[in-house]
Amino acid sequence: MSIKWNYDEQDYLNGGFKPIEPGQYRVRIEKAEETTSKTSGKQMIKLQLKISGQAGSVWHYVVLDPDNKERTNKNLGDIFDSFAIMKGDFNLSHWEGKVGAAEIKQELYNDKMQAKVSFFIKRDKQDSLPMWQEKPVGTINADMMSFDDNNPSDVPF
C-alpha cells in the first residue's frame, strides 16, 4: 500500500487552523464546568464555546467574586440572557448545548493571537445573525470514496 497524501509544510508552520475573524457569531456552550481560579483561588465557571461555522472553540471564564458581586452578577446575567438560561440556574449541565451569541475579538496571549469573547450579545439583539451552522463540510477526496464495502480490508480508515 502506498500513502496518498500531499503534505504541505505551511499547514504545520501556520498551526493548521485559520484564525477566527473578529465579529459577531452564534456560539454554543459545549462544556460548562465548575473550577477554581489558579490566580485568585476563587470559584469560577469555565465555558468551552463552539463558534458557529468555525473549526475552533474559545474558552471563557467567569470568576465568582464575592468582593465584586455587581460585576459577577452582570457577567452571569449576560450569559443567562444570551443563552436563554433560567436566571440563577447553576446546574451547569443545563447550560451545555445552549446557543447564544458573542462578539469575538483577537487578543495577544503568550506571543500568539487568540480568539476571545469580547462580550455576549443580548437575546433580543441576535435576530440579525445567521442561524447556527456546524463547521463547514470540506471537500471529499475521491480516492477515499473508491473502496469496496464488501471487502473490509479495502476500507480507507
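The numbers here are math on the coordinates, done by the rules we state, and not lab data. What you see is a predicted model, and the numbers here were worked out from it, not measured in a lab. Counting neighbours? That spans all protein chains shown, and the Cβs are built from the backbone with ideal geometry, glycine included.
The value of relative contact order for segment 1-92, using C-alpha pairs under 8 Å at least six residues apart, is 18 percent. For the peptides 117-124, 128-135, the ranking by mean Cβ contacts within 10 Å, running from highest to lowest, is 117-124, 128-135. For F119, the residues 5 or more places off, or on other chains, whose built amide H falls under 5 Å of its own are E103. Each of L129 and K46 was given a label point 7 Å from its Cα along the Cα-to-Cβ line. The distance between the two points is 2.4 nm. Computed from backbone phi, the HN-Hα couplings of segment 123-130 come to 3, 6, 10, 9, 4, 7, 7, x Hz, rounded to whole numbers (Karplus: 6.51 cos²θ - 1.76 cosθ + 1.60, θ = phi - 60°; Gly and Pro given as x).
Summing +1 for each Lys or Arg and -1 for each Asp or Glu among the other residues whose beta-carbon sits under 11 angstrom from that of S52 gives +3.
Taken over segment 50-144, the ratio of Cα radius of gyration to 2.2 N^0.38 Å equals 1.32.
Positive end of the dipole of segment 19-125 (Cβ unit charges, origin at the Cα centre): among T39, T72, M113, the Cα lying farthest that way belongs to M113.
Using only side-chain charges placed at the Cβ, +1 for Lys and Arg and -1 for Asp and Glu, the dipole size of segment 19-125 relative to its Cα centre rounds to 120 debye. Of D89, D65, the sequence from fewest to most neighbouring Cβ atoms within 10 angstrom is D89, D65. Extending 7 Å from the Cα toward the beta-carbon at both A84 and K69 defines two label points whose distance is 3.1 nm.
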